[in-house]
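Take a look at the structure below.
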């Protein structure tokens, strides 16, 4: 699935050069579930952006199914993201003027899915996350947990190979956090996804089979025997 070799990302901050990632080597297999942790500014979100094709490394390769995304044109990279990668973010990123169903349908527009099929697939995706009765609701009419369920449905409606989640429970209270994690774990198992998640929450990390810790751009990976 993923092979990262020597991935380095440098930024300029005034006269200083910052290595957000410093020679990261990482293998993530099909169907893996990996949690990424580390201090603020340690490189977690930068790594997730590399995996999602949202940014390119300064040095190194980021291969997804044998294709180095770092070398793709913007058009081809956009196609890879549209077809293969679903994203879930902390802030939900829903369009406030669209209903839950319309928000989910937006993920299918770049794939040129016809309107009738878009509606059907969006409705099915929302039903799968427990929102069959909320198709016509606007985001403002939904709770935070319901909005994140819409975001999960939007990420999964295109049937991606990979689900990337950046602090998906960061804006939720503890009970809602557990509810959303139950949904994400169920989707991971049901769809055979490769699921990669950034989180500060150690209770979530303890339940993951593998945990990658990033500090000052360097990565270490450990197996959770009890997960």
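Side notes on the structure shown:
- Residue in the stretch 117-131 that is more than 22 Å from residue 168 (Cβ to Cβ), loosely packed, with under 13 Cβ neighbours inside 10 Å and modelled with pLDDT under 95 present: no
- Within the stretch 113-142, tally of residues that are under 15 Å from residue 159 (Cβ atoms) and part of a loop (DSSP other than H, G, I, E, B): 2
- Selected residue (criterion: surrounded by the fewest Cβ atoms within 10 Å (Cβ to Cβ)) from residues of the stretch 144-178 that are part of a helix (DSSP H, G or I) and out of contact with any helix residue (DSSP H, G or I) (no Cβ under 7 Å at 6 or more places or on another chain): 175
- Qualifying residue in the stretch 72-89 (condition: under 18 Å from residue 191 (Cβ atoms), without any contact (Cβ under 8 Å) to a residue 24 or more places away in the chain and either surrounded by 13 or more Cβ atoms within 10 Å (Cβ to Cβ) or more than 20 Å from the chain's Cα centre (by Cα) (or both)): no
- In the stretch 92-116, the residues that are touching a strand residue (DSSP E or B) at 6+ places or on another chain (Cβ under 9 Å) and surrounded by fewer than 17 Cβ atoms within 10 Å (Cβ to Cβ): 93
- Residue in the stretch 58-66 that is in contact (Cβ under 8 Å) with a residue 12 or more places away in the chain, under 14 Å from residue 219 (Cα atoms) and surrounded by fewer than 20 Cβ atoms within 10 Å (Cβ to Cβ) present: no
- Where residue 190 falls short, out of the listed (1) more than 28 Å from residue 79 (Cβ to Cβ); (2) surrounded by fewer than 17 Cβ atoms within 10 Å (Cβ to Cβ); (3) out of contact with any strand residue (DSSP E or B) (no Cβ under 9 Å at 6 or more places or on another chain); (4) at pLDDT below 95: (1)
Condition check ((1) at pLDDT 95 or above; (2) closer than 21 Å to residue 199 by Cα; (3) in contact with a helix residue (DSSP H, G or I) (Cβ under 7 Å, 6 or more places away or on another chain); (4) crowded, with 16+ Cβ neighbours inside 10 Å) across all residues:
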residue: 6; (1), (2), (3), (4): yes, no, no, no
residue: 15; (1), (2), (3), (4): no, no, no, no
residue: 23; (1), (2), (3), (4): no, no, no, no
residue: 27; (1), (2), (3), (4): yes, yes, no, no
residue: 41; (1), (2), (3), (4): no, yes, no, no
residue: 49; (1), (2), (3), (4): no, yes, no, yes
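- Where strands (runs of 3 or more DSSP E) fall wholly inside the stretch 1-104, the ranges with 1 or more residues that are at positive phi are 2-13, 16-28, 59-64.
The values are calculated or read from the model by the stated rules, or taken from the named source; none is laboratory data. Keep in mind that this is a model prediction, so the values were computed, not measured. No Cβ is skipped: glycine too gets one built from the backbone with ideal geometry, and neighbour counts run over all protein chains shown.
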